[in-house]
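What follows is one structure encoded as structure tokens, with my remarks underneath.
The values are calculated or read from the model by the stated rules, or taken from the named source; none is laboratory data. None of these values were measured; they are calculated from a predicted model. We place every Cβ from the backbone using ideal geometry, glycine too, and count neighbours over all the protein chains shown.
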Amino acid sequence: MDKKFQRNVLLLSLVSFLNDMSSEMILPILPMFIVSLGGSSLWVGLIGGLRESIGSILKVFSGYFSDKTGKRKPFVFSGYSISSVFKLLLSFSKNSFQVLVFSSFERLGKGLRTAPRDAILAESLPKERGKAFGVHRAFDTLGAIFGSVLVLFLLWLFVLEFQTIIFLSALIGFCSLIPLWLVKEKRTKFKTRTRIKTLPKPLKKFLLVSGIFSLGNFSYMFFLLKSQEFFPLVWMPVVLYVVYNVFYSSLSIPFGKLSDRISRKYIIGLGYLLFSLTCFGFVFANSFSFFLLLFSLYGIVYAMIDGTQRALVSDLSKFHGTGLGAFHTVTGLLALPASLIAGFLYQVNSSLTFVYGGILGLLAGLFLFRLSTN
């Protein structure tokens, strides 16, 4: 493989490092920001769900058109640019509705860039896709660690307001565009016409199972809200969020490499089951050490499933943009009902939210082990 395409993995990883550093300065404080503006847990659920769902419909189309045109980089660049602009606007929010609008539109950028970017990664290291996605996810999550540690210091030492922190994060987001200029993509048009409705049957089966998991995979914000019930200091949930990202980042590459050697299906299935166990653990969590353990497990879950799911989808479809776009669209669209259900249950009893997630995670894991991807 040409070294310039191997370099793509590192360049895109650097882009994601900077962008995720920017995003993760916002994410750990977002639920508290919403509450500070008068929002309830239903607002948290609505905003958390829309953030994942609003751009999801774009993922399948941006992936499809990047396959059709053979050009992926323009979609990726536009996506990162849009996200940075709306992060900047988010910093000027004065009420929950404005947070809803700006944070949702910020995710339109993610919807535009995700499938074409993942297709570049899949095509850059076709024989080591698990490794490629693992490296990318490790850098992405390393940026999350830096961002969440930075926001911890900005809150604790400098006592900055939420809006100021979000403004600074937007500036870092614009910096993520710089290394993207150096990415060299393959300009390949498929001779065979790609159609969304003719996705391979094994891929459709996996989309069904991953959809079940996604319906129970509600927003991370509920995990932070649960910890805040026991630790009201604003920086304590951020500490737990850092722990989550440390495990997520440090284990993404090992699990990615492992998935190149053994069945990706079993790694993902075990990740689903571990998510279920983690959710049930949150029902009984009542001490800082218990929360530390659970946020560590939460990080391990994503290290196991995030990059590995994308690698499996790439294996199951030769039209990488379309296949990855379909996967991200299905999982993203289901994030809205997942978080709305979680928000409603949280208002009734916070433990019900995690019982709900635990049951669907268990079902998805069991179904995946029985699934044939041949």
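Just so you know, in the stretch 157-184 the residues that are more than 20 Å from the chain's Cα centre (by Cα) and of a type outside the set (A, V, I, L, M, F, W, C) include one that is modelled with the lowest pLDDT, and it is LYS184.
One line per residue, one yes/no per condition, for (1) closer than 18 Å to LEU215 by Cβ; (2) modelled with pLDDT under 95:
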| site | (1), (2) |
| --- | --- |
| GLY281 | no, no |
| LEU293 | no, no |
| SER317 | no, yes |
| GLY321 | no, yes |
| LEU345 | yes, no |
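Taking (1) under 21 Å from THR331 (Cβ atoms); (2) part of a loop (DSSP other than H, G, I, E, B) in turn, ARG107 satisfies each apart from (2). Looking only at the stretch 78-112, residues that are free of Cβ contacts under 8 Å to residues at least 24 places away in the same chain and among the hydroxyl-bearing types (Ser, Thr, Tyr) come to 0 in all.
If you check PHE280, PHE319, PHE290, PHE295 for being over 23 Å from LEU14 (Cα atoms), without any contact (Cβ under 8 Å) to a residue 24 or more places away in the chain and of a type in the set (Phe, Trp, Tyr), only one passes: PHE290. Within the stretch 113-166, the residues that satisfy the criterion of being free of Cβ contacts under 8 Å to residues at least 24 places away in the same chain and outside any helix (DSSP H, G or I) are LEU157, PHE158, VAL159, LEU160, GLU161.
The residue list LEU270, LEU371 contains one member that is assigned to a loop (DSSP other than H, G, I, E, B) and either farther than 25 Å from PHE139 by Cβ or in contact (Cβ under 8 Å) with a residue 12 or more places away in the chain (or both), which is LEU371. Can you pull out every residue in the stretch 310-334 that is within 15 Å of the chain's Cα centre (by Cα), surrounded by fewer than 24 Cβ atoms within 10 Å (Cβ to Cβ) and in a helix (DSSP H, G or I)? Once the filter is applied, which keeps residues that are within 15 Å of the chain's Cα centre (by Cα), surrounded by fewer than 24 Cβ atoms within 10 Å (Cβ to Cβ) and in a helix (DSSP H, G or I), the stretch 310-334 yields VAL330, THR331, LEU333.
Can you spot a residue in the stretch 217-231 that is farther than 24 Å from LEU352 by Cα and among the acidic types (Asp, Glu)? Looking through the stretch 217-231, none of the residues is farther than 24 Å from LEU352 by Cα and among the acidic types (Asp, Glu).
Here's the yes/no breakdown for (1) within 24 Å of GLY55 (Cβ to Cβ); (2) at pLDDT 90 or above; (3) of a type outside the set (S, T, N, Q):
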{"site": "SER103", "(1), (2), (3)": "yes, yes, no"}
{"site": "GLU106", "(1), (2), (3)": "yes, yes, yes"}
{"site": "LEU112", "(1), (2), (3)": "yes, yes, yes"}
{"site": "GLU123", "(1), (2), (3)": "yes, no, yes"}
{"site": "ALA132", "(1), (2), (3)": "yes, no, yes"}
{"site": "ARG137", "(1), (2), (3)": "yes, no, yes"}
{"site": "LEU142", "(1), (2), (3)": "yes, no, yes"}
{"site": "VAL149", "(1), (2), (3)": "no, yes, yes"}
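Just to check your reading of the model, which residue among LEU251, LEU215 is surrounded by fewer than 23 Cβ atoms within 10 Å (Cβ to Cβ) and without any contact (Cβ under 8 Å) to a residue 60 or more places away in the chain? Just a single option satisfies the conditions, and that option is LEU251.
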